[in-house]
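The values are calculated or read from the model by the stated rules, or taken from the named source; none is laboratory data. Everything quoted here is computed from the prediction, not taken from an experiment. Note that each Cβ is placed from the backbone with ideal geometry, even for glycine, and that neighbours are counted across all protein chains shown. Quick note on the areas: whole protein, heavy atoms, side chains included, nothing else; ligands and nucleic acids left out. Shrake-Rupley method; radii C 1.70, N 1.55, O 1.52, S 1.80 Å.
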Amino acid sequence: MVLRSSLKTCLQLACILRTPKAGFRSTTSGGLIFQSVSNDVYQNLAVEDWIHDHVNLENRQVLFLWRNSPAVVIGRHQNPWQECNLRLLRQKNIKLARRRSGGGTVYHDLGNINLTFFTNRKKYERMENLKLVVKALKALRPQLDVHVTDRYDILLDRQYKISGTAAKLGRTAAYHHCTLLCNTDKCVLSSVLKSPYKGLKSNATPSVPASVKNLLDEDPGLTCEMILNAIAEEYATHHQVDHHITLINPADETVLPGINNKTEELQTWEWVYGKTPKFSISTCFNMVYRDSILDIKVDMDVKHGRIEACNIDLPEQWLPPALCSELVKSLTGSKFCPNETTTLTTTMLRLCPQDDELHSRWNLLCENMITLM
Amino acid sequence: VCIHRVRSCSSIHFIKSKYVCVFDKSALKFSHQQRLFRTSAVSCGQIVQFKLSDIGEGITEVTVKEWYIKEGDSVSQFDSICEVQSDKASVTITSRYDGIIRKLHYNLDEIAYVGKPLVDIEIDASKGVAPEEDVVETPPMSHEEHTHQEIKGHKTLATPAVRRLAMENNIKLSEVVGTGKDNRILKEDILNYLAKQTGAILPPSPKAEIIPPLPKSEAVPAAAKDKAGKIPVPVSRPIVFSGKDKTEPVTGFHKAMVKTMSAALKIPHFGYCDEIDLTQLVQLREELKPLAQIRGVKLSFMPFFIKAASLGLLQYPILNASLDESCQNVTYKASHNIGVAMDTEQGLIVPNVKNVQVCSVFEIASELNRLQSLGSAGQLGTNDLTGGTFTLSNIGTIGGTYAKPVILPPEVAIGALGKIQVLPRFNGKGEVFKAQIMNVSWSADHRIIDGATMARFSNLWKSYLENPASMLLDLK
């Protein structure tokens, strides 16, 4: 039986935690289990940061359980354009977040459980954590064929990936987090994790695609709750502590001072897009205008999410050359972002001669440029 | 702990020489839970090779993904140097030393090896000893921990926080009387010591959390003197402000604004303002709001303002025109594509409602809802942002009465709407009544629009809004 405490207890606990590196006076040292009451990916990632920065992990380890409403989470050094279909994300209102740990891109929804194991840097041991998860699953359903690979994935039936792993190591603390697919929407998952952007050249960490399956597909009698509880219980047993899950509210500044700043930082464009390693785009596309098909070639260098250099090859005289060079000049230094590009290009239209033909050609070119973003 | 204090010292140069000597001596006498210190004769600006320490799990190589510093930057111990990645783990490497970065051994995306040099750091000579091993285990300053220090052969008990406060204010702990347990020096003792010295506020160190406050007793008598009628003379003290100017390039939305407004400068603007009594319109909207709600549309005042403007433009089409570059030709636009200025997180955008002349008030409201939700999501398309012929700016939702709006080329007119205020006005019988008043400020291109035209358009627009029923007569 797992006990869940109220927020009041959480407050008491956190008061002790808040004092940096204070000795933990209670008898329960060894393992703490936290669960987030929020489904906001940014808030939950902020809690990870907060625990990493503020909790004394000398003699203690922490397990943090969380779930998110639909979101795509990319690794620290990844390129969102390379990893997912940003247009689709915007359409479906799926959030995009960049986490601080390395690794590949994952899709979260409420059918996916996230587990974060916090230890001090010396006790960082991913295999051990994943074996704990497998042990918990087998305790719940002994007939489940789950095992840990040497790539730190958990496979179901020897072929389907049900968990991916990533880690972050700081000066004194470290965390290893992993996902666990219980009942995620696989259709959305595969559609958003397919990038339509062509001609991208980048040194960003690429994701390794894998076939996935939900635990609930294998055994419909399971629920996310059951799996979560099983893991918490296994963790508690392993660390010889009470089966006690403390609920955390990531919006509560009194319990987690400074958390709101962390949450905000994770949502800034500079973090989500601006931290993309330098990349270049080299692509051609065809534009259909009236009865002719035009070949357009675009080359762009993007650094810190901004267009560092840009070159557009158009059929000669299709647009006034002065206007084209104005376009290139405007784009240079701007964010590689459809919203910003739309604003700039539509503004430029105000300043050109009011010629319908010119306007429709311009709009066609700009709309095609924007699809690259 | 010793090292930590040196770090916070480094930015106040006049203190450094004094204190480091003391630390050096005391460091030698330290025997405590940390690793051994190695004393060495250090010459000026010794360059130390900071090696990449063990990552764990038997990892021998990592990829350098991001540098947080560059050659020539000064770093303090525990500052982040770079981010490396190894097999799904992202590791933040922090500096072991205070000093200046002299060389980065790897470029981005290169493979770095554990145990090999990562960066070269030039350590300041006066810092003295540097520990041989990784000081990862050193816990940062804790308010609960107590440490001892031997100064002049006598133990002075004080927490690291108190020590730092003393050091920042150039106070020798040996000169302070401790009033805590075992003659421990408390924060209050330092503050009292300071109060006795001068009333001046000492310049805060950049990382200080504690700034000695001006003792309250001095401030109060000064206030009492005010009442006697004398102008109080402030206690002269050096005013310290450590903010810095920040320069960044103009990009994105601001760049767009620069372009538009620079072009607008060429237009000779004239202004015309008036006040509108919206009492009847307010009532009408109250009645219609729930009906629109049922149809799933939020009804504000803007759809009425927009529709009335379009009706006015039918009578005064020159306000919906465009003057070409050479000022040779005026084009009277057939469509009334009325732009609505929108304030988003990134800045100002002006999407427009197309063909208002054939839209009903409800259709305009519905279209506005669509544009507003796209605008706040940053997803407005090219079509929504181009082709505008006339603009209204409802700055009143934020505040203000009269404004001086700038015309957005290639248009020739713009209106800014102030906030709706409840003000006393006289009615036909000479009685005072509560009126809902809103101000409008028009700007127009004086090259093709004259004052009389603007005034007549404004009067017509005003009459539609003051008596909404009259709109029915002219609706197509």
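Restricting attention to the stretch A:342-351, the residues that are touching a residue at least 24 places away in the same chain (Cβ under 8 Å) and either among the aliphatic types (A, V, I, L, M) or open to solvent by 10 Å² or more (accessible area, probe 1.4 Å) (or both) add up to 1. Does A:ARG121 count as within 14 Å of chain B (Cβ to nearest Cβ), open to solvent by less than 30 Å² (accessible area, probe 1.4 Å) and touching a strand residue (DSSP E or B) at 6+ places or on another chain (Cβ under 9 Å)? It is false that A:ARG121 is within 14 Å of chain B (Cβ to nearest Cβ), open to solvent by less than 30 Å² (accessible area, probe 1.4 Å) and touching a strand residue (DSSP E or B) at 6+ places or on another chain (Cβ under 9 Å).
A count restricted to the stretch A:70-110 and to residues that are open to solvent by 10 Å² or more (accessible area, probe 1.4 Å), of a type outside the set (Ser, Thr, Tyr) and in a loop (DSSP other than H, G, I, E, B) stands at 9. For residues that are over 28 Å from A:VAL272 (Cα atoms) and away from every other protein chain (no Cβ under 11 Å), tally how many sit in the stretch A:298-341. Going through the stretch A:298-341 one residue at a time, the tally reaches 13.
The rows are residues; the columns are (1) loosely packed, with under 10 Cβ neighbours inside 10 Å; (2) at pLDDT 80 or above.
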| site | (1), (2) |
| --- | --- |
| B:SER217 | yes, no |
| B:ALA223 | yes, no |
| B:LYS244 | yes, yes |
| B:LYS255 | no, yes |
| B:THR260 | no, yes |
| B:PHE270 | no, yes |
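Taking the stretch B:373-388 as the range and being more than 9 Å from chain A (Cβ to nearest Cβ) and out of contact with any strand residue (DSSP E or B) (no Cβ under 7 Å at 6 or more places or on another chain) as the test, the residues that pass are B:SER373, B:LEU374, B:SER376.
When you check B:ASN467 against the structure, is it away from chain A (no Cβ under 14 Å) and not aromatic (Phe, Trp, Tyr), yes or no? It is true that B:ASN467 is away from chain A (no Cβ under 14 Å) and not aromatic (Phe, Trp, Tyr). With respect to B:VAL119, determine if the residue is within 26 Å of A:GLY104 (Cα to Cα) and aliphatic (A, V, I, L, M). When the stated conditions are applied, B:VAL119 does not pass them. Checking A:HIS243, A:HIS239 one by one, the residue that is over 30 Å from A:PRO80 (Cα atoms), modelled with pLDDT under 90, in contact with a strand residue (DSSP E or B) (Cβ under 9 Å, 6 or more places away or on another chain) and open to solvent by 40 Å² or more (accessible area, probe 1.4 Å) is A:HIS243 and no other.
The single condition from (1) closer than 26 Å to A:PRO353 by Cα; (2) aromatic (Phe, Trp, Tyr); (3) open to solvent by 30 Å² or more (accessible area, probe 1.4 Å) that B:PHE390 fails is (3).
A quick yes/no check of all residues on (1) charged (D, E, K, R); (2) within 30 Å of B:GLY378 (Cα to Cα); (3) modelled with pLDDT of 90 or more:
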| site | (1), (2), (3) |
| --- | --- |
| B:THR251 | no, yes, no |
| B:ALA264 | no, yes, yes |
| B:LEU281 | no, no, yes |
| B:LEU291 | no, yes, yes |
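Each residue in the stretch A:69-103 was checked for being over 28 Å from B:LEU380 (Cβ atoms) and at pLDDT below 90, and 2 of them qualify. Of the numbered criteria (1) surrounded by fewer than 16 Cβ atoms within 10 Å (Cβ to Cβ); (2) at pLDDT below 90, the one A:ALA309 fails is (2). Given the structure, is A:ASN229 in contact (Cβ under 8 Å) with a residue 60 or more places away in the chain, closer than 17 Å to A:PHE64 by Cα and surrounded by fewer than 19 Cβ atoms within 10 Å (Cβ to Cβ)? Spelling it out, it is not the case that A:ASN229 is in contact (Cβ under 8 Å) with a residue 60 or more places away in the chain, closer than 17 Å to A:PHE64 by Cα and surrounded by fewer than 19 Cβ atoms within 10 Å (Cβ to Cβ). Residues in the stretch B:289-308 that are surrounded by 16 or more Cβ atoms within 10 Å (Cβ to Cβ) and of a type outside the set (Val, Ile, Thr): B:ALA292, B:LEU299, B:SER300, B:PHE301, B:MET302, B:PRO303, B:PHE304, B:PHE305, B:LYS307, B:ALA308.
Determine, yes or no, whether B:TYR316 is over 30 Å from B:ALA435 (Cα atoms), at pLDDT 90 or above, assigned by the TED database to the domain that holds B:MET438 and among the hydroxyl-bearing types (Ser, Thr, Tyr). It is false that B:TYR316 is over 30 Å from B:ALA435 (Cα atoms), at pLDDT 90 or above, assigned by the TED database to the domain that holds B:MET438 and among the hydroxyl-bearing types (Ser, Thr, Tyr).
Note on the stretch B:248-263: among residues that are within 9 Å of chain A (Cβ to nearest Cβ) and among the charged types (D, E, K, R), the one that is farthest from A:THR332 (Cα to Cα) is B:LYS259. Checked against the criterion of being in contact with a strand residue (DSSP E or B) (Cβ under 9 Å, 6 or more places away or on another chain), away from chain A (no Cβ under 14 Å), within 30 Å of A:LEU86 (Cβ to Cβ) and not polar (S, T, N, Q), the stretch B:398-412 has no qualifying residue. A single entry from B:VAL282, B:VAL340 fulfils the requirement of being away from chain A (no Cβ under 14 Å), farther than 21 Å from B:ALA413 by Cβ and of a type outside the set (Gly, Ala, Ser): B:VAL282. Only one entry in A:LEU344, A:LEU323, A:LEU349 is within 32 Å of the chain's Cα centre (by Cα), assigned to a helix (DSSP H, G or I) and more than 19 Å from A:TRP81 (Cα to Cα), namely A:LEU344.
Filtering the stretch B:47-64 to residues that are within 12 Å of chain A (Cβ to nearest Cβ), at pLDDT 85 or above and open to solvent by 30 Å² or more (accessible area, probe 1.4 Å) leaves only B:THR63. Of the numbered criteria (1) touching a Lys or Arg at 6+ places or on another chain (Cβ under 8 Å); (2) farther than 29 Å from A:PRO338 by Cα, the one B:ILE364 fails is (2). Search the stretch A:342-363 for residues being out of contact with any helix residue (DSSP H, G or I) (no Cβ under 9 Å at 6 or more places or on another chain) and more than 7 Å from chain B (Cβ to nearest Cβ), and hand back the single one that is nearest to A:SER325 (Cα to Cα). Among those residues, the one meeting the criterion is A:ARG361. Looking across the stretch A:312-321, just one residue is without any contact (Cβ under 8 Å) to a residue 24 or more places away in the chain and open to solvent by less than 70 Å² (accessible area, probe 1.4 Å), and that is A:PRO315.
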